[in-house]
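The values are calculated or read from the model by the stated rules, or taken from the named source; none is laboratory data. In this text, all values refer to a predicted model and were calculated from it rather than measured experimentally. Neighbour counts run over all protein chains shown; Cβ positions are idealised from the backbone, glycine included. Side chains included, ligands, DNA and RNA excluded: accessible areas come from the protein's heavy atoms. Shrake-Rupley method; radii C 1.70, N 1.55, O 1.52, S 1.80 Å.
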Amino acid sequence: MNIWLAIIGMGIITYMIRLTPILLMERVEISGSARQALRFVPAAVLSAIIFPELLMPGGELDISLGNERLLAGLLAAIVAWRTKSVLWTIVVGMAA
């Protein structure tokens, strides 16, 4: 029973932590420059997740033709740039 109470309690706490900024943002007006800066957050977060895996497989910097992950990432980036299609980018990146 204690485990279930802990799971439910942590679920409620997590929900409240995520809900609080949403409720507070209703009352706060964001300036134009802050709104413009927030547009870049998803790209920055995605880059922070992807680039270490592409550039540092195994924890060491590897910028060479022997780095298959980097080559697959470059190929996927070219497909994304040319086709503007998320589906084709994923398919080509996974296939590479």
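Is it the case that region 52-62 has a residue that's open to solvent by 70 Å² or more (accessible area, probe 1.4 Å), assigned to a helix (DSSP H, G or I) and touching a helix residue (DSSP H, G or I) at 6+ places or on another chain (Cβ under 7 Å)?
Quick first cut of region 52-62, residues open to solvent by 70 Å² or more (accessible area, probe 1.4 Å) only: 53, 56, 58, 60-61.
Add one more test, that the residue is assigned to a helix (DSSP H, G or I), and what stays is 53, 58.
Subset that is touching a helix residue (DSSP H, G or I) at 6+ places or on another chain (Cβ under 7 Å): 53.
The answer is yes; a qualifying residue exists.
Per this entry, Arg18 is counted among residues that are part of a helix (DSSP H, G or I), without any contact (Cβ under 8 Å) to a residue 40 or more places away in the chain and loosely packed, with under 10 Cβ neighbours inside 10 Å.
Across region 68-83, what is the number of residues that are among the charged types (D, E, K, R) and either within 18 Å of the chain's Cα centre (by Cα) or closer than 17 Å to Leu55 by Cβ (or both)?
Residues of region 68-83 that are among the charged types (D, E, K, R), as a first pass: 68-69, 82.
If we keep only those that are either within 18 Å of the chain's Cα centre (by Cα) or closer than 17 Å to Leu55 by Cβ (or both) as well, we get 68-69.
Result for region 68-83: 2.
Determine which single condition Ala37 fails, assuming it passes every other condition in (1) open to solvent by 90 Å² or more (accessible area, probe 1.4 Å); (2) part of a helix (DSSP H, G or I). Ala37 satisfies every listed condition except (1). Which residues, taken from region 63-96, are part of a loop (DSSP other than H, G, I, E, B) and surrounded by 15 or more Cβ atoms within 10 Å (Cβ to Cβ)? Asn67 - this is the single residue of region 63-96 that is part of a loop (DSSP other than H, G, I, E, B) and surrounded by 15 or more Cβ atoms within 10 Å (Cβ to Cβ).
Give me the pairs: first residue in region 75-96 and touching a residue at least 24 places away in the same chain (Cβ under 8 Å), second residue open to solvent by less than 40 Å² (accessible area, probe 1.4 Å), beta-carbon distance under 8 Å, and six or more apart or on different chains, which are they? Cβ pairs passing all conditions: Ala96/Ala72; Ala96/Ala76.
Applying a threshold of 8 Å to beta carbon distances and a minimum spacing of six or more residues, or different chains, the list of pairs starting in region 28-40 at a residue that is free of Cβ contacts under 8 Å to residues at least 60 places away in the same chain and ending at one that is among the β-branched types (Val, Ile, Thr) reads Leu38/Ile30.
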